[in-house]
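Derivation of every value follows stated rules applied to the coordinates shown; laboratory data play no part. Since the structure is predicted, the reported quantities are computational estimates derived from the model, not experimental observations. Here the Cβ is made from the backbone with ideal geometry for all residues, glycine too, and neighbour counts use every protein chain on show.
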4 protein chains.
Amino acid sequence: MPTSNSSSDRKKTPVNPPERREEILAVAAEVFAARGYNATTVRTIADAAGMLAGSLYYHFDSKESMLDEILSTFLDELWARYDAVLTAGLGPRQTLEALVTESFREIDRHRCAVAIYQREARHLGARPHFGYLAESQQRFEKAWLGTLERGVADEVFRPDLDVRLTYRFVRDTVWVAASWYRPGGLHSPEEIARQYLSMLLEGIALRA
Amino acid sequence: MPTSNSSSDRKKTPVNPPERREEILAVAAEVFAARGYNATTVRTIADAAGMLAGSLYYHFDSKESMLDEILSTFLDELWARYDAVLTAGLGPRQTLEALVTESFREIDRHRCAVAIYQREARHLGARPHFGYLAESQQRFEKAWLGTLERGVADEVFRPDLDVRLTYRFVRDTVWVAASWYRPGGLHSPEEIARQYLSMLLEGIALRA
Amino acid sequence: MPTSNSSSDRKKTPVNPPERREEILAVAAEVFAARGYNATTVRTIADAAGMLAGSLYYHFDSKESMLDEILSTFLDELWARYDAVLTAGLGPRQTLEALVTESFREIDRHRCAVAIYQREARHLGARPHFGYLAESQQRFEKAWLGTLERGVADEVFRPDLDVRLTYRFVRDTVWVAASWYRPGGLHSPEEIARQYLSMLLEGIALRA
Amino acid sequence: MPTSNSSSDRKKTPVNPPERREEILAVAAEVFAARGYNATTVRTIADAAGMLAGSLYYHFDSKESMLDEILSTFLDELWARYDAVLTAGLGPRQTLEALVTESFREIDRHRCAVAIYQREARHLGARPHFGYLAESQQRFEKAWLGTLERGVADEVFRPDLDVRLTYRFVRDTVWVAASWYRPGGLHSPEEIARQYLSMLLEGIALRA
DNA sequence: GATGAATGAGCGTTCATTCAT
DNA sequence: TATGAATGAACGCTCATTCAT
C-alpha cells in the first residue's frame, strides 16, 4: 500500500523545522537520563545537539521547559494507554497484565523520560509548575491499588496480600527497569512483561 | 559523680572529635538522600550541622570525600553481613531469604546511604576513586545470580526462570525500597522481607 | 484624481523605502526614551515595528546607528532653529526668550530624542563616533552663556547673577521637561515657555 | 574641640566589618550614577571594589539589592530632613527656602544616590519591590505643591502662578543638579541654594 | 525585504574551596 | 575548631549580530 507508506515517510524525512525541536528534546532527554537534570548543563545538551548553548534558547524558554516538555509528553502518552486499559472492562488479572505490559512498552518508547521521571519526580512535584507530576502519581496509585484490591475481592489474588506493599514492589520493579533496559536488546518489552508477570503471579519457587 | 558529669559533657563540649565527624556525616547523608548529591550545597550541610560552610573543611577534604565515606561505610557493613550469609553453607532458598532479609535490614540501618547509592552509583562508578562501587556491583551480581542459578540447578526454583532478568527484578525491588521506607513505620524490615519473599517465591495469584 | 490615489498608496504599499526607515526610527526612539538605550533590546524595537529582530539589519547597520540617526537628526534641526535665533540680531532678553521658546518647541517635536539625549549624552560623548554630542554641548553652552553675559553687560539682567550657575539651572529645567511633557496636553510649548520665562525673569515672589 | 574631632575620626578608620559593606555600596553608587544601573555590570563594581564579581554576593543578595539599599538609605535620610522642615511651622516662603536648601545639601551628601534616583526611579517604581519610590514621589509632590499653594493663598507668591508647572520646574532644576554638582567644588550647597532661591523668587531681570 | 536559525560574548549568580585569624 | 571573607570556575540565560534562504 503506497499511501500508508508515503504517510510514514512524511515523518522521517526532515521536511519541516518542528523536527529540530524534537531532535534537541531527544538529545536533552538522553543527557538528563544519563547524568540527572541538575547535573546536566545546557552546554552539554547544546554540544550533543551540535550547537552553542545560547542557540537552545531560540527553541526553548529554559532548561526547565525542556524537562517539562519531555515529562508531560511522556505522561500524556502513558495515560492515553493506561486509560484505554482501565476502561476496557477487563478482570483484575487481565488488567494487571495489561498495565504491566503497557508499562514496559512505554519504557521501550520513552526510556529516557521514564528514567528522568524516576529520578526527579519526587522533588519536582513540589514546584507548582510540576504539580501534574504529583497528580499523575496519585492517579497511578489509584489505578494499580484498585486493580490489586479488586483482584483480592474477586479471589483471583491471594487473600493475605498486603496490597499497599505489593503495589510498591510492583511499581518499583516495573519503572526502575528503565535504568537497565536498552531498546533493541535481547528481550522485547512484551517478553520482559511476560517474564515479570510469570514471576509476580506464580512466584519463582518450584511447585511440588 | 564523674560518670554523669562526663556523660553530660559529651553533649555540650566536644570531647572526642570522631563524634562530630559522624554527626556531620549523618546530616550530610540525610540531605544527599533528600535532594541528590549534586543538588546539595555544602552550605546546606553546614547549616544543618550548625556551622559555616568553610568549617566543614576542617573535618573533611571535600564534599566528595563525605560522599565517599558515607558510601564506603555502608558498603563495608553490607558486605560483612552478606559474606556471613554466603559463607554459612545454606541452601539456595535459605540463602535468598537471608540476603533479602539482610538487605531490608540494611535499608533500615542505612536508609540514606542506600538511597544515595541508588541515585549516584551508576555515574559515580566511572570515576577512578569510586571504582569500589563498580566492584561492589559485580560482587553483588555474582552473589545473587549465583544463588538463583544454584536454586534452578537444585530444582528449588522454577527451571524456566530467566535468572538474569529475575536478578534485576529482585535487585531493583529490594533497593528501591529505600526511597519509600521510613524507619519506625508500620512494617519492620523483617516483616517487609517476609512479605516480599512470599510474593517472590509463591506469587500473588490464588492457587486453585 | 491621481493626487489622492498616490497619497493613499503611500500608506498601503511600501512605495518608497525611506518611509519604512523612519517608521522604524520613530518606534526605536519611543522605546529608547521609555526604557533607556541599554535596556532596550533590538527585539523590542522589531516587535513594535512588526518585524523580526534580524530584519532590522536590512535597514540599519546596528542598534547604535539607530541611536546615532535619532540624535543627529534632532540636533541638526535644533541647531537650524537656534542659529536662526542667534543670527537674528536680537537683544539679550529677546534672545533668551526665543531660545527658551524654541527649546520647548523642539521638545514638542522631538520629545523622544530629547529624552534620549538627556539620559545618554554624557556617557555617549566619550565614544569617538559620538563626538558631535560633546561639540553640540559646547556650542550650546556658548550660546546660552553668551546671551546671559550680554544681558548682564547690557544691564537687562541682574548684575549679581552667577551666570554659570544660572546657565545650568536654565539648561536643566528646559530640557528635563522632555521627561514629563506630553504633546497635545494642557499646555502648548509656547504657553510653557511663557510661564517659565515669567518665572525666570520676574521671579515667583509677589512684589510689594 | 577634640571630642568632635575624634568622633569624626571614628568614621574613617576601618575598625569593623560592616564598613566593608558600605565601601562596596559607595563604589556601586558611583558606578551606577556614572553609567546607569542596567549598563553597570557586577564585574565593574567588583573591579572598582578590588574583588571578584562572585565575592560581592557574600555581602549582598543581588545587584538589585545594592541598588535598593542605596536608594532607600538616601530616601530615609531625605525624608528625615524634609519632615523636620515641614513640621517646623514655617511660613511658605521660609518652607520653600528650607526645602531647597535641604535638597542641595542632600545632593552634597548623596550625590550618586540622587543621580541614580533621577535616572531609574520612573521605571523602577513599577516593580513591586520598589513601590516606595513611587510613594516617595507622591509625598514629594504633596510637600512642594502644598507649599507653593499655601504661598499663593498667603499672598507671598504671585497669584498668577501655575503651581503644577512651577512645581515641575523647581523639582527638576533642584534634582538634576546632582548630575553636575561636585562636592568640594567652588560652591557650597548652601551657596547654590541661595543663588537658586534668589533667581526663583526675584527673577533674573533687572528691576527698573 | 524579511525570516529562521544560529553565533559568541558577556551577564548576574552559585558554589566548592581556601586561608588568615 | 570555627569564622569571615574571598576566589575562580562554571552555570543558566540574554542579546546584538550574521547569513542562507
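Based solely on its DSSP helices, what 222 nm [θ] is calculated for the protein assembly as shown when runs of n ≥ 4 H residues each add -39,500 (n - 2.57) and the sum is averaged over all residues, nearest 500 deg cm²/dmol? Let's see the in-between values first.
Details: 40 runs with 591 residues, N = 832.
Dividing the helical sum by the residues of the protein assembly as shown leaves -23000 deg cm²/dmol.
Quick one: if the Förster radius is 56 Å, what FRET efficiency do B:Glu141 and D:Ala34 give, using the C-beta to C-beta distance and rounding to 0.05? Efficiency at R0 = 56 Å is approximately 0.25. Within the straight-line cut-off of under 17 Å between alpha carbons, the aspartates and glutamates reachable from A:Lys63 are A:Glu22, A:Glu23, A:Glu30, A:Asp47, A:Glu120, sequence neighbours fewer than 8 places apart in one chain being disregarded.
Summing +1 for each Lys or Arg and -1 for each Asp or Glu among the other residues whose beta-carbon sits under 13 angstrom from that of C:Ala26 gives -1.
For A:Lys142, the aspartates and glutamates whose Cα comes closer than 14 Å to its Cα, not counting residues fewer than 8 places off in the same chain, are A:Asp83. Computed 3J(HN,Hα) for the stretch B:138-152, one whole-Hz value per residue from the Karplus formula 6.51 cos²θ - 1.76 cosθ + 1.60 where θ = phi - 60°, is 6, 4, 4, 4, 4, 4, 6, 4, x, 4, 5, 5, 4, x, 5, glycine and proline marked x. For the protein assembly as shown, a crude dipole built from +1 on the beta carbon of Lys and Arg and -1 on the beta carbon of Asp and Glu, taken about the Cα centre, is about 120 debye to the nearest 20.
Starting from the label point of B:Ala134 at 7 Å along Cα→Cβ, the same points in the other copies fall at 4.0, 6.1, 6.4 nm, in ascending order. Placing a label point 7 Å from the Cα of D:Gln94 along the Cα-to-Cβ direction, the distances to the matching points in the other copies come to 4.5, 9.9, 10.7 nm, shortest first. For A:Phe157, the residues whose modelled amide H falls within less than 5 Å of its own, excluding neighbours fewer than 5 places apart on the same chain, are A:Val152, B:Leu206. Classify the stretch D:86-208 from the C-alpha gyration tensor, please: rounded if a/c falls under 1.5, else prolate or oblate depending on whether a/b exceeds b/c. Here the stretch D:86-208 falls in the oblate category.
Applied to the stretch A:169-181, the Karplus parametrisation 6.51 cos²θ - 1.76 cosθ + 1.60 on θ = phi - 60° returns per-residue 3J(HN,Hα) values of 4, 5, 3, 4, 4, 4, 6, 5, 4, 4, 7, 10, 5 Hz, with x for Gly and Pro. Once the Cβ-Cβ distance of B:Glu77 and B:Asp160 is raised to the sixth power relative to R0 = 51 Å, the FRET efficiency obtained is 0.90.
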